[in-house]
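The values are calculated or read from the model by the stated rules, or taken from the named source; none is laboratory data. Because the structure is a prediction, the values reported are computed rather than measured. No Cβ is skipped: glycine too gets one built from the backbone with ideal geometry, and neighbour counts run over all protein chains shown.
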Amino acid sequence: MTILVSQRTVSSYQNLVRNRVVSLNLTSASHETLIDGIMMNAAHRRSRTVCFANVHMVVEAHLQTDVAEAVNKADWAITDGMPLVWAIKSLYGLSQDRVAGMDMIMSLLARAEKDNVSIFFYGCTPDVLQRVRQFCQQNFPAVNIAGTISPPFRTLTDQEEKDVIDTINNSGAGLVFVALGCPKQELWMEQMKHRIHAVMLGIGGALPMLIGEKKRAPKWIQRIGFEWLFRLVQEPRRLFKRYAVTNTLFVYFFLKQLIRQRW
């Protein structure tokens, strides 16, 4: 199923096609188109949400309807994973580039610096957030980090939630990078829609890679779709069960959809 989505920006409309893979409607657009649309909204502090979809998110969404609803309501659900690029090609015959979350983050930081759009980081530990500040100061010296929050590993009280919303809104940030992990961050962003006046981007575990704490797979490994294997080699104990189960389920769900559509 292909869906044409009219997304309102400040001065124009972006007519973006969304293609269903298993339970998610994924945005088909180039890196540059996505950056322009996100930054146009960020400059005017419009409440928008951006999800970077990979195999893990697709499976989570298929098993949890609230996750699927949150991602499908997002203004952009970006194909961050070669298996999803291949899935779109197999299902619809469309050539969609992989839009890697890490590449998007770097491009957005550069544009935020150029366009004078303030940024905010929500999630991760205080130590990682401090090192993210240092990274930005070294690589994007003119970018304004309006603030950072390292939330506790528990549900916030109503007052704490209000304080977070007020802090972010009062900071003047146009971009909020949300690093809570999937699916927690997708559900959080959906709850904050129209309450936080900024473009919110769910970036998962990207910050440790951004600061060099974890290595990113070389480009050639990314191109052939084995970035997950590179990560597995780095963290086998943490990731083996997740990848063994998640990847198997994705293949099963995808093949069911492919068979239904073709026969």
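Filtering the stretch 173-216 to residues that are touching a residue at least 60 places away in the same chain (Cβ under 8 Å) and in a strand (DSSP E or B) leaves L175, F177, V199, M200, L201, G202. Scan the stretch 96-125 for residues that are under 19 Å from L207 (Cβ atoms), modelled with pLDDT under 95, surrounded by 19 or more Cβ atoms within 10 Å (Cβ to Cβ) and not hydrophobic (A, V, I, L, M, F, W, C) and the total you get is 1. Scanning the stretch 226-246 for residues that are out of contact with any Leu (no Cβ under 7 Å at 6 or more places or on another chain) and buried (at least 16 other Cβ atoms within 10 Å of the Cβ), we see that the one that is farthest from V22 (Cα to Cα) is E227. If I filter the stretch 182-190 for residues that are touching a His at 6+ places or on another chain (Cβ under 9 Å), under 21 Å from L129 (Cβ atoms) and either crowded, with 19+ Cβ neighbours inside 10 Å or modelled with pLDDT of 85 or more (or both), do I get at least one hit? Yes, the stretch 182-190 contains at least one residue that is touching a His at 6+ places or on another chain (Cβ under 9 Å), under 21 Å from L129 (Cβ atoms) and either crowded, with 19+ Cβ neighbours inside 10 Å or modelled with pLDDT of 85 or more (or both). Among the residues of the stretch 142-172, those that are touching a helix residue (DSSP H, G or I) at 6+ places or on another chain (Cβ under 9 Å) and either within 16 Å of V117 (Cβ to Cβ) or not in a loop (DSSP other than H, G, I, E, B) (or both) comprise A142, V143, N144, I145, A146, G147, T148, I149, E161, V164, I165, I168. Taken residue by residue, the stretch 222-244 has no member that is under 20 Å from S150 (Cβ atoms) and out of contact with any Ser or Thr (no Cβ under 8 Å at 6 or more places or on another chain). With the checklist (1) charged (D, E, K, R); (2) assigned to a helix (DSSP H, G or I); (3) under 21 Å from Q185 (Cα atoms) in hand, flag the one item K114 doesn't pass. Result: K114 passes all but (3).
In this structure, does G93 turn out to be buried (at least 20 other Cβ atoms within 10 Å of the Cβ) and at pLDDT below 95? No. Of all residues in the stretch 39-83, those being under 15 Å from V99 (Cβ atoms) and either without any contact (Cβ under 8 Å) to a residue 24 or more places away in the chain or in a loop (DSSP other than H, G, I, E, B) (or both) number 5. The set of residues from the stretch 87-111 being in a loop (DSSP other than H, G, I, E, B), within 21 Å of the chain's Cα centre (by Cα), touching a residue at least 40 places away in the same chain (Cβ under 8 Å) and over 18 Å from L210 (Cβ atoms) comprises Q96, D97, R98. Could you say whether any residue in the stretch 240-252 is in a loop (DSSP other than H, G, I, E, B) and either at pLDDT below 95 or charged (D, E, K, R) (or both)? No, that holds for no residue.
Against the criterion of being surrounded by 16 or more Cβ atoms within 10 Å (Cβ to Cβ) and modelled with pLDDT of 90 or more, A217 does not qualify.
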